[in-house]
Amino acid sequence: MSSFNRVGIAADHVSRHPAMRQEVMNVYPQAKFNDAGHRIDENELIAFLQDCDAAIIGFEPVTDRVLTALPNLKIIAKYGNGCETIDFHALKRHKVRFGYTWGVNRLAVAELALCFMLSALRWIGPLNMAMRAGERPKLRNGRFLTGRTVGIHGCGNIGKEVVRLLQPFGCEILACDVKDYADFYAKQNVKPVSLDELLARSEVLTLHLPKTSQTLGLYNRDLLVKLRPDCVLINTCRGGIVDEDALLDRLDSGALIAACFDVFAIEPAQNDRLLRHPNMLATPHIGASTEETRLILVRAAINCLTENDFVEPADFYA
């Protein structure tokens with residue numbers, strides 16, 4: 001087990017959750033916690049970690065300025081998934097080690113994606129809205145998930161978990177990824193396809209992409225127009241990958257039947273026209289928000305410190 005003079009828990013989710021906080025204290029009883037009640041900015045992070053040589057961070061900004069101001073910081077462990085607020089080039093320059101565990105939230109996010117599929121295909125969102133408004137809709141036929149053609153854009157840890165959860169539904173599963181998962185595809189009866197084929201054939205399309213310079217804004221107007229009109233588009237990965245204005249236009253025109261999003265370009269989400277669209281099912285970035293997953297996430301972060309479970313910053317360069 002590694003030992004540190006002081007471990008700072010900057011991740012506000014950990015500090016606010018009694019069970020996660022206790023998990024940290026079981027290993028590092030002298031740890032200090034971010035009790036500001038919010039995600040701290042650069043200045044607050046510098047002040048908070050001044051006396052620390054190790055830290056657990058969530059989406060706090062780990063920039064060159066932060067690292068320059070914290071010369072005693074030796075290691076950072078990541079709580080949760082998503083590393084777009086971390087400057088990996090700066091980590092390398094300052095020789096700060098980085099601990100990260102891939103795919104620790106995969107089951108929670110995959111279950112939410114499955115929930116979205118079933119809800120959208122059966123019109124759960126708009127029917128619930130009508131009922132709450134005092135209406136009593138008599139009939140609105142949905143569609144089976146069973147037997148549908150489901151496309152998965154990004155078949156890493158979460159995408160693979162979606163494939164596993166879909167097995168009882170007898171879907172034809174298409175996958176598009178920059179990496180080759182030939183053995184997995186063959187074992188799970190998944191068909192690897194090009195992006196154009198994925199867009200043209202998917203009746204349900206679920207996105208599981210990292211947010212990088214290549215994926216930011218990828219689903220723009222030109223790409224969205226290639227989707228089938230009866231496609232259900234699901235995004236549980238990262239906001240900003242889909243052009244939300246273009247998506248709203250497609251929903252308004254009826255050129256896209258439904259969308260289900262857990263993530264948005266700006267969070268908390270601000271596009272009320274999109275959020276209130278009857279064929280848009282939206283949640284406030286709850287993909288990893290299960291009690292079980294929270295404990296899995298914090299234990300993984302602690303393990304990165306205690307077991308020297310480090311990764312190379314180059315693994316994250318976009």
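State the dimensionless ratio Rg/Rh of the chain (Rg: radius of gyration of Cα atoms; Rh: Kirkwood radius).
Values: Rg = 21.1 Å, Rh = 21.0 Å.
The Rg/Rh ratio comes out at 1.01.
Quick one: which of LYS92/LYS160; LYS32/LYS160; LYS92/LYS211; LYS32/LYS179; LYS160/LYS226; LYS191/LYS211 span more than 29 angstrom between C-alpha atoms? Walk me through the numbers before you get to the answer.
Numbers: LYS92/LYS160 31 Å; LYS32/LYS160 37 Å; LYS92/LYS211 20 Å; LYS32/LYS179 40 Å; LYS160/LYS226 24 Å; LYS191/LYS211 24 Å.
Checking Cα-Cα distances, LYS92/LYS160; LYS32/LYS160; LYS32/LYS179 exceed 29 Å.
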Please express the Cα-Cα pair-distance distribution P(r) of segment 95-245 as a list of whole percents, one per 5 Å bin, running from 0 to the bin with the greatest distance.
2, 9, 17, 20, 20, 14, 9, 5, 3, 1, 0, 0, 0
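Using Cα-Cα distances under 8 Å and only pairs 6 or more residues apart, what relative contact order does the chain have, in percent?
On the way: 588 pairs, mean separation 60.5, N = 318.
Across the chain, relative contact order equals 19 percent.
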So how long is each side of segment 213-310 along the principal axes, counting just the alpha-carbon atoms, biggest first, in Å?
53, 28, 24
Using every alpha carbon pair in segment 23-133, what percent of pairs falls into each 10 Å bin from 0 up to the bin containing the largest distance?
12, 34, 23, 15, 12, 4
At q = 0.28 Å⁻¹, what base-10 log of I(q)/I(0) does the Debye formula yield for segment 66-120 when every alpha carbon is treated as an equal point scatterer in vacuo?
-1.13
Of all DSSP beta bridges having both residues in the chain, the percent classed as antiparallel (nearest 5) is 5 percent
Within 10 Å, at most 11 other Cβ atoms, and a DSSP state outside H, G, I, E, B define an exposed site. Report the longest part of the chain free of exposed trypsin sites (Lys or Arg not before Pro).
180-275
How do CYS115, CYS231 stack up against each other in accessible area, from largest to smallest, with a 1.4 angstrom probe?
CYS115, CYS231
Give the separation of the Cα centroids, segment 103-148 to segment 24-89, in Å.
38 Å
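The values are calculated or read from the model by the stated rules, or taken from the named source; none is laboratory data. Remember, it's a predicted structure, so these values are computed and weren't measured experimentally. Please note: Cβ atoms are built from the backbone with ideal geometry, for glycine as well, and neighbour counts cover all protein chains shown. In case anyone asks, the SASA skips ligands and DNA or RNA and just uses the protein heavy atoms, side chains included. Shrake-Rupley method; radii C 1.70, N 1.55, O 1.52, S 1.80 Å.
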